[in-house]
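Q: Pasting a structure below so you can have a look.
The values are calculated or read from the model by the stated rules, or taken from the named source; none is laboratory data. Please read all numbers here as calculations on a predicted model, not as lab measurements. With ideal geometry, Cβ positions are generated from the backbone for all residues, glycine too; neighbour counts draw on all protein chains shown.
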Amino acid sequence: MATILGISAFYHDSAAALVRDGEIVAAAQEERFTRRKHDAGFPRHAVEYCLAEGGGAPDYVVFYDKPFLKFERLLETYLAFAPRGFRSFRMAMPLWIREKLFQRDVLRRELRAFLPGFDAAKLLFTEHHQSHAAAAFFPSPFEEALVLTMDGVGEWATTSAALGRGNRVEVFREIHFPHSLGLLYSAFTYYCGFRVNSGEYKLMGLAPYGTPRFADAIRERLIDVKPDGSFRVNMEFFNYCAGLTMTNARFHALFGGSPRRPEDEFTQHHKDVAASIQAVLEDVVLTMARWLRQETGMRNLCLAGGVALNCVTNGRLLREGGFENIWIQPAAGDAGCAVGAALAVWHEFLGQRRAAGEDRMKGALLGPGYTQEEIERALQAAGARYQVLDEAELLATTVQALTEEKAVGWFQGRMEFGPRALGARSILADARSASMQTTLNLKVKRRESFRPFAPAVPEESAREWFDLPVESPYMLLVADVLRREIPAVTHVDGSARIQTVTREQNPRFHALLRAFETRTGCPVLVNTSFNVRGEPIVCTPADAFACFMNTEIEALAIGNCYLRKEDQSLDAVRETAVFEPD
């Protein structure tokens, strides 16, 4: 038996995860503790949380990629594109030589702050895509599956296909840098004025407002796709290998202008560009997945890597890919590699068997939770005014506020791991309200007005409201809305990014959805993350109260405490993270 600490760090979305005897005990991203969005530093707070949850020192610590292989790729890329990449090379090398190249020493030093007697020989490293693939397959309910990983780039691989069987994941096909679906999509993210590595989901949300009139130009000029789904990117249009930007002048000429500045208005041109790259991405992924299914005969598909967070593409894979079952790692980006690396050590390095049949991510509810006493103590320290209600009263009071079209902060149980709020750190609202999408975007979330909101629905009621034949516990599948009564969660193309909720995984949230249905006849609520633009999702009761006080959220249900905005004193503590541009 063994306890394994997995770490993802030093690029973006640092995280830690703890696996004990094959069970995922805890997992959290560092940004939730530091309040710095996409925090890339060593995840000290996340490690501290995981070790406390695990109750002791780990037997092994594993890092999610291999720094020397990544450095090799960096050097070879600079040499291949010399002298064009000299400026980027000059900026990158001091950081690599000072910190990244010798990450084993950095990790040992950081770990000894927590574990004074830690044996450095127990520090292990996995390859990046191996971590992704392990995170996709090992927690899935399947005995065997095709495992498809797509992201920007790991060490060299940007896309990999593997076979997961029992306690092994064997990669049999890779596509290497600079040919990358993730970087291709990020280039268009950059061109449309969003931040790379965080704004890709905004590009996906913008796409339904446009028509894919540039899709043929992308296929003809930017990416060569073979019948088996393999591809090559035409680097004549991109700058990410040698420069400090994603695109170049040839790219801008092809698409009729310079990149949008973040503060500029969106034009129909930007919407059409977004629609075009979304269409191409979907077609390439679908072509690849279909060919791999035919080659391997696999009926189950597991997905990870940042591209797997593109839930519109996932929806097409579900409908058109020919697989019987699809399972997507909820923390599909680099944060999830902390889980994957730890599980890879348990199953592959230590050779421990794996029992299939259930989703081992536990609804992604793997972060910190707080007792009622801890919640009340935090609220009192912040000067909050609240009622303590039993569960029936809490549900009834929350439902009443929702029917009055109020935005309600919902803070219950353990925090979610991954980018989605799943009913533990959520803002909830009435999905039947025609004005709620605009209200939440502009007054509560403080973000772009086009951004859609996701519906949460009891799993047993999902098929009555959405064209979705499977469970979607992690809000990673898009499907058509079947009924018109829920405009707040219906995107412009008639679709929604759906979360199905079960009584077993999240009993209180499920009970709230059922209570809302009893009152209104509708079991669907808007579920969006409990944060505002530029801020990570709230972690602690103090974070929740600060966000509540600094937005137009009108009520807060936190544990068994219920707060109304009108009851709060204007002198209440309003400390919160600085809201930075997203």
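Q: List the residue pairs whose Cβ atoms are under 7 Å apart, where the first residue sits in the range 356-376 and is free of Cβ contacts under 8 Å to residues at least 12 places away in the same chain and farther than 22 Å from GLN329 by Cβ, the second is of a type in the set (Phe, Trp, Tyr) and buried (at least 16 other Cβ atoms within 10 Å of the Cβ), and the two are 6 or more positions apart or on different chains.
A: Correct list of pairs: empty, since none qualify.
Q: Being more than 15 Å from THR313 (Cβ to Cβ) and either surrounded by 17 or more Cβ atoms within 10 Å (Cβ to Cβ) or without any contact (Cβ under 8 Å) to a residue 40 or more places away in the chain (or both) is the filter here; which residues of the range 207-216 pass it?
A: Matches in the range 207-216: TYR209, GLY210, PHE214, ASP216.
Q: Return a yes/no flag: does the range 238-248 have any residue that is in contact (Cβ under 8 Å) with a residue 24 or more places away in the chain, among the β-branched types (Val, Ile, Thr) and under 15 Å from LEU281 (Cβ atoms).
A: No.
Q: Is it true that GLY306 is under 28 Å from ALA479 (Cβ atoms), surrounded by 16 or more Cβ atoms within 10 Å (Cβ to Cβ) and small (Gly, Ala, Ser)?
A: yes
Q: Going residue by residue through the range 455-465, is there one that turns out to be touching a Gly at 6+ places or on another chain (Cβ under 9 Å) and surrounded by 19 or more Cβ atoms within 10 Å (Cβ to Cβ)?
A: yes
Q: If you don't mind, another one. Check ARG414 against each of (1) closer than 30 Å to VAL25 by Cα; (2) surrounded by 22 or more Cβ atoms within 10 Å (Cβ to Cβ) and name the one condition it does not meet.
A: The failed condition is (2).
Q: If you don't mind, there's one more thing I want to ask. Would it be correct to say that GLY383 is in a loop (DSSP other than H, G, I, E, B), surrounded by 21 or more Cβ atoms within 10 Å (Cβ to Cβ) and among the small types (Gly, Ala, Ser)?
A: no
Q: Same structure again: Looking at the range 354-380, which of its residues are in a loop (DSSP other than H, G, I, E, B) and farther than 23 Å from ALA16 by Cα?
A: ALA355, ALA356, GLY357
Q: Kindly indicate the residue of the range 118-166 that is at pLDDT 95 or above and of a type in the set (D, E, K, R) and also surrounded by the fewest Cβ atoms within 10 Å (Cβ to Cβ) among those meeting that condition.
A: Once the filter is applied, the top-ranked residue is GLU143.
Q: Quick test for you: out of THR159, THR211, THR189, THR126, pick the one residue that is under 29 Å from GLU324 (Cα atoms) and among the polar types (S, T, N, Q).
A: THR159
Q: How many residues, within the range 318-341, are part of a helix (DSSP H, G or I) and surrounded by fewer than 24 Cβ atoms within 10 Å (Cβ to Cβ)?
A: Result for the range 318-341: 3.
Q: Then there is this: Within the range 1-35, can you find the residues that are closer than 17 Å to CYS539 by Cβ and either modelled with pLDDT under 95 or in contact with a Lys or Arg (Cβ under 6 Å, 6 or more places away or on another chain) (or both)?
A: If the condition is that a residue be closer than 17 Å to CYS539 by Cβ and either modelled with pLDDT under 95 or in contact with a Lys or Arg (Cβ under 6 Å, 6 or more places away or on another chain) (or both), then ASP13, GLU31 are the ones that fit.
Q: For the range 219-236, which positions are under 16 Å from TYR185 (Cβ atoms), touching a residue at least 24 places away in the same chain (Cβ under 8 Å) and not basic (Lys, Arg)?
A: LEU222, ILE223, VAL225, GLY229, PHE231, VAL233, MET235
Q: Given the conditions (1) assigned by TED's automatic domain parsing to the domain that holds HIS45; (2) of a type in the set (D, E, K, R); (3) part of a loop (DSSP other than H, G, I, E, B), which single one is not true for ASP105?
A: Unmet condition: (3).
Q: Kindly indicate whether GLN505 is in the same structural domain as ILE558 (by TED's automatic domain parsing), more than 21 Å from GLN437 (Cβ to Cβ) and at pLDDT 95 or above.
A: yes
Q: From the list ALA488, ALA496, ALA479, ALA511, which residue is out of contact with any strand residue (DSSP E or B) (no Cβ under 7 Å at 6 or more places or on another chain), at pLDDT 95 or above and among the small types (Gly, Ala, Ser)?
A: That would be ALA511, the only listed residue that is out of contact with any strand residue (DSSP E or B) (no Cβ under 7 Å at 6 or more places or on another chain), at pLDDT 95 or above and among the small types (Gly, Ala, Ser).
Q: Okay, next question. Restricting attention to the range 528-535, does a residue exist that is of a type in the set (Ser, Thr, Tyr) and either buried (at least 24 other Cβ atoms within 10 Å of the Cβ) or in a strand (DSSP E or B) (or both)?
A: Yes: the range 528-535 contains one or more residues that are of a type in the set (Ser, Thr, Tyr) and either buried (at least 24 other Cβ atoms within 10 Å of the Cβ) or in a strand (DSSP E or B) (or both).
Q: May I ask you to say which residue of GLY340, GLY305, GLY321, GLY351 is farther than 19 Å from PHE172 by Cα, touching a residue at least 60 places away in the same chain (Cβ under 8 Å) and not basic (Lys, Arg)?
A: One residue alone meets the criteria, GLY351.
Q: While we're on this one: Going through the range 242-253 one residue at a time, which ones are farther than 28 Å from SER449 by Cβ and surrounded by fewer than 17 Cβ atoms within 10 Å (Cβ to Cβ)?
A: GLY243, LEU244, ALA249, ARG250, ALA253 - these are the residues of the range 242-253 that are farther than 28 Å from SER449 by Cβ and surrounded by fewer than 17 Cβ atoms within 10 Å (Cβ to Cβ).
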